[in-house]
Amino acid sequence: MRYLLFVPLILFVAIAQVAVAPYFPLLGVTANLLLVLLACWAIIRGPKEVMVLIPVAGLFKDLITTDPVGASVLALMPIVFLAAIRERRPTESEFLPTVAVVAVASIAYNLLYLMALTAVGDEFSWLQTLGRVLLPAMLFNALLTPIFYLPVRWATTVTTPVGPIVRVPG
């Protein structure tokens, strides 16, 4: 049931990433709104839930762009592995681990995406691309983390039951 509410949000964010984000570049890169949203969801709700949502988000993004189908799914998958930070809880707050996961996931996303584009025959200068895309994208996505973290945190506290549900027969 919880996915029924979240899938339309993912679809909206994917459309916003493709249609709106390119008009608001920072440091020469556009935001990866899906990555930030899914990383926040993975840290707050856990990697099991985001494993279901990543294929939906990645395939939808690839289908509404000219990108190779499946490249975004592959590039978003490190979020699941990076969400293991949630289990270790190095800090009291989940916000700092979320920012760290977004930053590292941004680097992993761009590297995997560039590898996928290379595999389908696109040519570009790796050195220039790494310098002009990797670090600015990491910083931009990390700066956007609070915009997604707070609503996901709020939605989680609103939808999470306080205690066990007891059903009385009869």
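The values are calculated or read from the model by the stated rules, or taken from the named source; none is laboratory data. Quick caveat, the model's predicted, so the values are computed rather than measured. Please note: Cβ atoms are built from the backbone with ideal geometry, for glycine as well, and neighbour counts cover all protein chains shown. These area figures cover heavy atoms from the full protein model, side chains too; ligands, DNA and RNA do not enter into them. Shrake-Rupley method; radii C 1.70, N 1.55, O 1.52, S 1.80 Å.
Some points to look at:
- Under the condition of being part of a loop (DSSP other than H, G, I, E, B) and surrounded by fewer than 10 Cβ atoms within 10 Å (Cβ to Cβ), the residues counted in the stretch 4-25 number 1.
- Condition met for I107 (assigned to a helix (DSSP H, G or I), closer than 19 Å to P78 by Cβ and among the β-branched types (V, I, T)): yes
- Candidate set: the stretch 2-40, residues that are of a type in the set (A, V, I, L, M) and in contact with a Ser or Thr (Cβ under 7 Å, 6 or more places away or on another chain); chosen: the one modelled with the lowest pLDDT: A21
- Residue check, L82 at pLDDT below 95 and surrounded by fewer than 18 Cβ atoms within 10 Å (Cβ to Cβ): no
- The residues of the stretch 120-133 that are under 18 Å from D67 (Cβ atoms) and either in contact (Cβ under 8 Å) with a residue 40 or more places away in the chain or open to solvent by less than 60 Å² (accessible area, probe 1.4 Å) (or both), listed by number, are V120, G121, T129, V133.
- Looking at G46, G70, G28, just one residue is surrounded by fewer than 21 Cβ atoms within 10 Å (Cβ to Cβ) and in contact (Cβ under 8 Å) with a residue 60 or more places away in the chain, and that residue is G28.
- V133 assigned to a helix (DSSP H, G or I), of a type in the set (V, I, T) and over 23 Å from E49 (Cα atoms): yes
- Breaking point among (1) farther than 20 Å from P146 by Cβ; (2) in contact with a Pro (Cβ under 9 Å, 6 or more places away or on another chain), for V99: (1)
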